[in-house]
There are 2 protein chains.
Amino acid sequence: MKSSIFYNAHHSPVGAFASFTLGFRGPKGGLGLELDGPANESVYIGIEDREESGQFHALPFYGGAENAAHDFDSEHLSELAVAQAILPFAEEEIERRMSASIDEWRAGDLTFRLISPVRSVPDPEQEDAKGALTPAVLAELTIDNRSGKLPRRAFLGYKGSERSAGMRILDQLGLIGVGQGTSTAIATMDSDVYAGLAWQPESILSPHLHENLSFMLGSLGLLVATVEPGEKRTFQFAIGFFRDGVATSGIPTQYLYRRWFDQVEEVLIHALTHADKTIALAESFDRALAQDMTPERHFMLAHAIRSYFGSTQLLEREDGRPLWVVHEGEYRMMNTFDLTVDQAFFELGLSPWTVRNVLDLYVERYSYQDRVRFPGNPNSQPGGIAFTHDMGVANNFSRPGYSGYEQAGLHGCFSYMSGEELMNWVLTAGLYLKRTGDQNWAESHRNTFLACLQSLENRDHPEPAKRNGLIGLDADRCLGGAEITTYDSLDASLGQARNNLYLGVKAWAAYLVLGYLFDNLSDPEAANRARVQAHRASETITNSADQDAFLPAVIGEGVDARIIPAIEALVYPFVIGIETEPFHELNRTLTRHFKAVMDSGICRFGDGGWRLSSTSRNSWLSKIYLCQFVAERILKEAPDVHADKAHVQWLLDPENAYYAWSDQMLEGKAVGSRYYPRGVTAALWKSHSVDPLQDLTKLLAGAMTELNA
Amino acid sequence: MKSSIFYNAHHSPVGAFASFTLGFRGPKGGLGLELDGPANESVYIGIEDREESGQFHALPFYGGAENAAHDFDSEHLSELAVAQAILPFAEEEIERRMSASIDEWRAGDLTFRLISPVRSVPDPEQEDAKGALTPAVLAELTIDNRSGKLPRRAFLGYKGSERSAGMRILDQLGLIGVGQGTSTAIATMDSDVYAGLAWQPESILSPHLHENLSFMLGSLGLLVATVEPGEKRTFQFAIGFFRDGVATSGIPTQYLYRRWFDQVEEVLIHALTHADKTIALAESFDRALAQDMTPERHFMLAHAIRSYFGSTQLLEREDGRPLWVVHEGEYRMMNTFDLTVDQAFFELGLSPWTVRNVLDLYVERYSYQDRVRFPGNPNSQPGGIAFTHDMGVANNFSRPGYSGYEQAGLHGCFSYMSGEELMNWVLTAGLYLKRTGDQNWAESHRNTFLACLQSLENRDHPEPAKRNGLIGLDADRCLGGAEITTYDSLDASLGQARNNLYLGVKAWAAYLVLGYLFDNLSDPEAANRARVQAHRASETITNSADQDAFLPAVIGEGVDARIIPAIEALVYPFVIGIETEPFHELNRTLTRHFKAVMDSGICRFGDGGWRLSSTSRNSWLSKIYLCQFVAERILKEAPDVHADKAHVQWLLDPENAYYAWSDQMLEGKAVGSRYYPRGVTAALWKSHSVDPLQDLTKLLAGAMTELNA
């Protein structure tokens, strides 16, 4: 895999909705808190020249040299301005090695590592979670001056882009650091380092007078260390985030880490004090991750995990209960359910309690009852429980029973997704029970399961005899519009919910999972009802294949687009381990469909990347990853190595690389769902046994267990 | 006064470091919290067309119509986008009437008033301050549809520019509003108004379905009211600000309003509930302000008062004590002492306790002891107490004894101002005592006064016999550099502290004020010591006049620039009422100097505006206002009406008008000190008696008293 190394990647603590984003050239990364994209600030990482004292080389993550003195001193009388003395390293001098926990840059005699271990989120109601939830990432700056003849300085710093506060030098005893206001900071406990503020990094690196380092008007802060000739030294830093006060509206919360930390200084000290363990954890995880993966898949998975962590937010409600949120990348919708279900495989390996937390909040606040209608018919029919698309947007929880996204009266993007989100609750619940065996939880939701079954049946057809297993009616809330699937931005082939092939297979899976849930609850009657529906769905789908084995994207409505995600929902019974032998015909039909769309090339782009719908230029990487897993493990197809290479190139395209991991690719260009958490569907690639959730648990919680042993 | 009405002005509560800035064309104002300039967001204020239903006219404070749907829906399948239906009013249709408390816009049948009364800040340790410190401003939208034939909608809203949170609809019972995160919001309690979120204002004004108004992905929020034909109605709104958690570093504080308010909703309700009194207060103050002023002076003073309020921040320390901060406009330095002393006339009329609060914190944390040196001489001499330039920058308090600004080793901008800030403490203390007669306070600072006298003497010359009343030595902290005056960005004529003419007169005034303070404390010996120094200064200055009556800017150092601020410090003995008859020769000399520099035209720009130094193109409006007062009241010069007109044009220049009130003008262009609080020196124009502080107290606290009576 030979590609540009200059792509942004998240480096994030768990649950802080924070990201130190770095890797795209220019002032395009930095310390972002609760943002919908990179912070776009300069980051300074560099080293003094080996021969020429006072000349420096830096990684190319900063803007041109600025001198803000003229805003104060319009006649340019100031003696503060100094000559530029930092050059970016030449690109060919720079190497990068990124995995999920460690991102390492080498250039000349400089090595810079960012360390943010992939680690599970301990349930704060059960375990000591302070270490895992410290809102900081670590950095290491290593200077190899063993062959140098001069002492050489090295530096790390940033120019904060937050509008409401200035830069400062930390004054906590034992901590040497720079920060912006009370919300972000970088610090070390290494007393050989000094801190400074200025308008130009050169003023801190080579201060005319050491006394002037606390120049609080300075727009940037730097930490500077010196390494003597003949020495090689590593300096450790923590990059901390902190949000005080009420964090969200709608449901008032604060960040859960406020239980242990009252200010960013405490965060930094804790992170630095426990750095060795954190680094060991990071190294251990990255070793495990790299095993048995192609470089392409390893890159995409590591990258995706980073973007996922950057979107996580662990809050505490006023009554002390934790509240887990994953923000939807650039859109920042909260716990968007179609992401929850896709991310569940990864999250259940990592921290199953967060999945339960989201499922419970959906029942508590983001479920609703409505009726349903046939298209074009103003009379409504009994419906039942449904779930919202999301829980709000960008730190504002939506009102109970409503998402931030769904709108009435529409037939496309932004319409309701009642039917599919209902399935998503069922599917996620099934995955959770499979992973945890949490029988008490299942028992507590017995009525919810029953309500879900009833609602799904009602959305098929009011008369049992006329049911075909698919979604046949639209939610009343659409007010004459039509429900859509969660593939909202694709064309009608994946957009319309009614009689949708993708959603039909998902309905089949949801009924099977309901059967599994009711078996667990010893309710054979309900289980049977669910399986009857699964058979209906299976039959409807199987019967819709044409003579060439193609399945239409919308069954019986003349939409002949061909779609890969027909196979997507096969994943659920497989992962849960539900017997699907009675549905071998469905499996056979979907396999033939899949082969047909792939072999004919209609679901491929020119570069070999997968095209989810033959009639749309828009393709989503997270879903491609998921369907690749289904194709390989369930349909027994060989891995599409050529496609993997194309997908990597999409992410690394210079127009896309700024957004870290992105999902929606329009012929390879990231046009939406950028800076996005959903790519962790790729974690399924790490499973090779019949119990993927166990495989992922071993991988994701394994490093921790190993270290604790 | 006929000029463009499209200039930004602050509309700010007291002590919230917040501003609803409005008036410059385009998305260049909005709800700013703790910012160094306008928030740069769209504000929507408009009314439906009289004839054509569904077409609207708005004030020109928003950007082009945006549709963010494409970020979600790259294939443009969404039905959400609607046609543009808002046109800006033509400029000639719009009228504006701005005073200090009320800013009124009229266009067609729309009247929009922003109400933020000039009111004193009650001492929260003594009085009920909740009403005065509610962090909100009021707005009124009046629609005159008496001659209309159709119902007409009107609207008010904004597109928040805060990066960390989305827009939301408020869900507090009784409140109809839109906000961004937990920090800003606009709301009404008028139940005839509805709220909505969208990407386009049209989607809220003419919603396809009312159900879709809570579209939380929307980037803007609007409040919409309807007025029936034949009716004229006024709708009241509050625009609220709220900052939760720890507000500052260095000294941990929270906003003092947190005593009464836990969220912005509570702020809005309180503001709306007490709107009538607030409006009466505003109207009463504006009536008083307009009396006996030219339109030019009225405009400049009103404008300056607004910018002052936008920079004020009332905090509460951890022990419950209030802490008053005025941020320095675009620089956001905190309680910059050279601003404190200039703003003291206004502030002492308004809220004398805030002046005391700042003086006390200067003694407690921002004073220091150092030694002094003759230029070029490495040996130091006894010095004494001095005060820092400021207390930190942009919500970060600096460490004790240090400012954010002052740097060692310099000879110009950013060097130390030890001598002048020492005088500033003395002068402000004298003004405070004059205004309040607070003998207890004076007694508690007896030792500080003595230390100030000693330090001033030592900075003149170590040997009493060689003292000339001026600053002769530089602070040790300069480390070989030289102290500067607080006219830091002008040329050497006003820059260098040693033997500076401006600072010489200020030293004379400071010694006189020390005499006044010691008289009050019945310490005739110290009073005498101070007066001896005053005589020395007077003599030195008087003797330096050349044959043409000009005084050199730097005495005895060959700097022949001519400066207006030679007369500035005459203001202190005059305002305090100190007898200056013994110094009639100084007065005569300064009068002749002033006449010479003005009559010769060397201290005027081409447009008639005042040029503070004959050798600098940079002139500061706040200081011009102050010197105008001195010229008129003390030197008995006629008001320079022609100059007033030029100064107004500086502020309204299209290149400057974005920054609201600005101070530093380089040949009429605002090049620094923009969005700045210092212009309230103009308040002195409102005094016509021999006791300006009493005049200002009557004006500034008068409206309140009148209403409470």
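The values are calculated or read from the model by the stated rules, or taken from the named source; none is laboratory data. Nothing here was measured: the structure is a model prediction, and the numbers come from that model. So basically every Cβ, Gly included, is an ideal-geometry build from the backbone, and we count neighbours across all protein chains shown.
Checking each residue in the stretch A:390-410 for being in contact with a helix residue (DSSP H, G or I) (Cβ under 8 Å, 6 or more places away or on another chain), of a type outside the set (Gly, Ala, Ser) and facing chain B (nearest Cβ under 7 Å) picks out A:393, A:407, A:410. Comparison of B:616, B:622 shows that the only residue that is of a type outside the set (A, V, I, L, M), crowded, with 21+ Cβ neighbours inside 10 Å, modelled with pLDDT under 95 and touching an Asp or Glu at 6+ places or on another chain (Cβ under 6 Å) is B:616. Residues in the stretch A:230-276 that are charged (D, E, K, R), within 13 Å of another protein chain (Cβ to nearest Cβ) and over 25 Å from the mean Cα position of the chain (by Cα): A:262, A:265, A:266. Which of the residues spanning the stretch B:592-628 are more than 25 Å from residue B:340 (Cα to Cα) and among the polar types (S, T, N, Q)? If the condition is that a residue be more than 25 Å from residue B:340 (Cα to Cα) and among the polar types (S, T, N, Q), then B:600, B:614, B:615 are the ones that fit. Among the residues in the stretch A:186-208, are any closer than 26 Å to residue A:83 by Cα and aromatic (Phe, Trp, Tyr)? Yes, some residue in the stretch A:186-208 is closer than 26 Å to residue A:83 by Cα and aromatic (Phe, Trp, Tyr). Listed by position, the strands (runs of 3 or more DSSP E) inside the stretch B:121-195 whose residues that are among the β-branched types (Val, Ile, Thr) and under 30 Å from residue A:39 (Cβ atoms) number at least 1 are B:167-169, B:176-180, B:184-188.
Every residue, every condition in (1) free of Cβ contacts under 8 Å to residues at least 24 places away in the same chain; (2) part of a helix (DSSP H, G or I); (3) of a type in the set (Val, Ile, Thr); (4) on the phi < 0 side of the Ramachandran plot, yes or no:
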| residue | (1), (2), (3), (4) |
| --- | --- |
| B:607 | no, no, no, yes |
| B:615 | no, no, yes, yes |
| B:649 | no, yes, no, yes |
| B:665 | no, no, no, yes |
| B:675 | no, no, no, no |
| B:690 | no, no, yes, yes |
| B:693 | no, yes, no, yes |
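Taken over the stretch B:651-660, the criterion of being surrounded by fewer than 20 Cβ atoms within 10 Å (Cβ to Cβ) and in a helix (DSSP H, G or I) is satisfied by B:652 alone.
Residue pairs whose Cβ atoms lie under 7 Å apart, separated by 6 or more positions or on different chains, with the first residue in the stretch B:336-354 and under 19 Å from residue B:675 (Cβ atoms) and crowded, with 24+ Cβ neighbours inside 10 Å and the second modelled with pLDDT of 95 or more and of a type in the set (Lys, Arg), are B:339/B:678; B:342/B:678; B:343/B:678. Whether any residue in the stretch B:368-386 is in contact with a strand residue (DSSP E or B) (Cβ under 6 Å, 6 or more places away or on another chain), part of a loop (DSSP other than H, G, I, E, B) and within 14 Å of chain A (Cβ to nearest Cβ) is what I want to check. Within the stretch B:368-386 (the criterion being in contact with a strand residue (DSSP E or B) (Cβ under 6 Å, 6 or more places away or on another chain), part of a loop (DSSP other than H, G, I, E, B) and within 14 Å of chain A (Cβ to nearest Cβ)), the answer is no, since none of the residues qualifies. Annotation: residue B:292 fulfils all but one of (1) at pLDDT 95 or above; (2) within 22 Å of residue B:684 (Cβ to Cβ); the unmet one is (1). Could you list, in sequence order, all residues of the stretch B:199-219 that are at the interface with chain A (Cβ under 10 Å from one of its Cβ atoms) and either in a strand (DSSP E or B) or charged (D, E, K, R) (or both)? Of everything in the stretch B:199-219, those that are at the interface with chain A (Cβ under 10 Å from one of its Cβ atoms) and either in a strand (DSSP E or B) or charged (D, E, K, R) (or both) turn out to be B:211, B:214.
Taking helices (runs of 4 or more DSSP H) as the structural unit, those lying wholly within the stretch B:419-507 and holding at least 3 residues that are assigned by TED's automatic domain parsing to the domain that holds residue B:579 and surrounded by fewer than 20 Cβ atoms within 10 Å (Cβ to Cβ) correspond to B:439-444, B:446-460. Out of A:318, A:296, one residue alone is touching a residue at least 12 places away in the same chain (Cβ under 8 Å), more than 14 Å from chain B (Cβ to nearest Cβ) and surrounded by fewer than 24 Cβ atoms within 10 Å (Cβ to Cβ). It is A:296. The number of residues in the stretch B:33-52 being within 19 Å of residue B:330 (Cα to Cα) and touching a residue at least 24 places away in the same chain (Cβ under 8 Å) comes to 8. Could we say that residue B:410 is hydrophobic (A, V, I, L, M, F, W, C), modelled with pLDDT under 95 and in contact with a strand residue (DSSP E or B) (Cβ under 9 Å, 6 or more places away or on another chain) here? Yes: the conditions hold for residue B:410. List pairs: first in the stretch A:168-183 and within 8 Å of another protein chain (Cβ to nearest Cβ) and of a type in the set (Ser, Thr, Tyr), second outside any strand (DSSP E or B) and surrounded by fewer than 24 Cβ atoms within 10 Å (Cβ to Cβ), Cβ under 7 Å, 6+ apart or cross-chain? Short answer, once both residue conditions are applied: A:182/A:244; A:182/A:263; A:182/B:246. I'd like to know if the stretch A:100-118 contains one or more residues that are touching a helix residue (DSSP H, G or I) at 6+ places or on another chain (Cβ under 9 Å), part of a loop (DSSP other than H, G, I, E, B), of a type outside the set (S, T, N, Q) and surrounded by fewer than 23 Cβ atoms within 10 Å (Cβ to Cβ). Yes: the stretch A:100-118 contains one or more residues that are touching a helix residue (DSSP H, G or I) at 6+ places or on another chain (Cβ under 9 Å), part of a loop (DSSP other than H, G, I, E, B), of a type outside the set (S, T, N, Q) and surrounded by fewer than 23 Cβ atoms within 10 Å (Cβ to Cβ). For the subset of the stretch B:485-540 comprising residues that are of a type in the set (Ser, Thr, Tyr) and under 17 Å from residue B:431 (Cβ atoms), which member is nearest to the chain's Cα centre (by Cα)? Among those that are of a type in the set (Ser, Thr, Tyr) and under 17 Å from residue B:431 (Cβ atoms), it is B:486. Within the stretch A:560-569, does at least one residue satisfy the condition of being in contact with a Leu (Cβ under 8 Å, 6 or more places away or on another chain), more than 30 Å from residue A:665 (Cβ to Cβ), modelled with pLDDT of 95 or more and not in a loop (DSSP other than H, G, I, E, B)? Scanning the stretch A:560-569 turns up no residue that is in contact with a Leu (Cβ under 8 Å, 6 or more places away or on another chain), more than 30 Å from residue A:665 (Cβ to Cβ), modelled with pLDDT of 95 or more and not in a loop (DSSP other than H, G, I, E, B). For residue A:162, the stated conditions hold: it is closer than 30 Å to residue A:320 by Cβ, of a type in the set (D, E, K, R) and within 14 Å of chain B (Cβ to nearest Cβ). When residue A:588 is tested against (1) at pLDDT 95 or above; (2) under 33 Å from the mean Cα position of the chain (by Cα); (3) surrounded by fewer than 18 Cβ atoms within 10 Å (Cβ to Cβ), exactly one condition is not met: (2). Hey, does the stretch A:534-544 have a residue that's more than 30 Å from residue A:434 (Cα to Cα) and part of a helix (DSSP H, G or I)? Yes, the stretch A:534-544 has at least one match.
The residues of the stretch B:598-649 include none that are within 14 Å of chain A (Cβ to nearest Cβ) and over 22 Å from residue B:501 (Cβ atoms). Checking the stretch B:246-267 against the condition returns a match, with at least one residue being without any contact (Cβ under 8 Å) to a residue 12 or more places away in the chain, touching a strand residue (DSSP E or B) at 6+ places or on another chain (Cβ under 7 Å) and closer than 30 Å to residue A:36 by Cβ. Against the test of being of a type in the set (A, V, I, L, M, F, W, C) and farther than 22 Å from residue B:341 by Cβ, the options B:680, B:648, B:690 yield a single qualifying residue, B:648.
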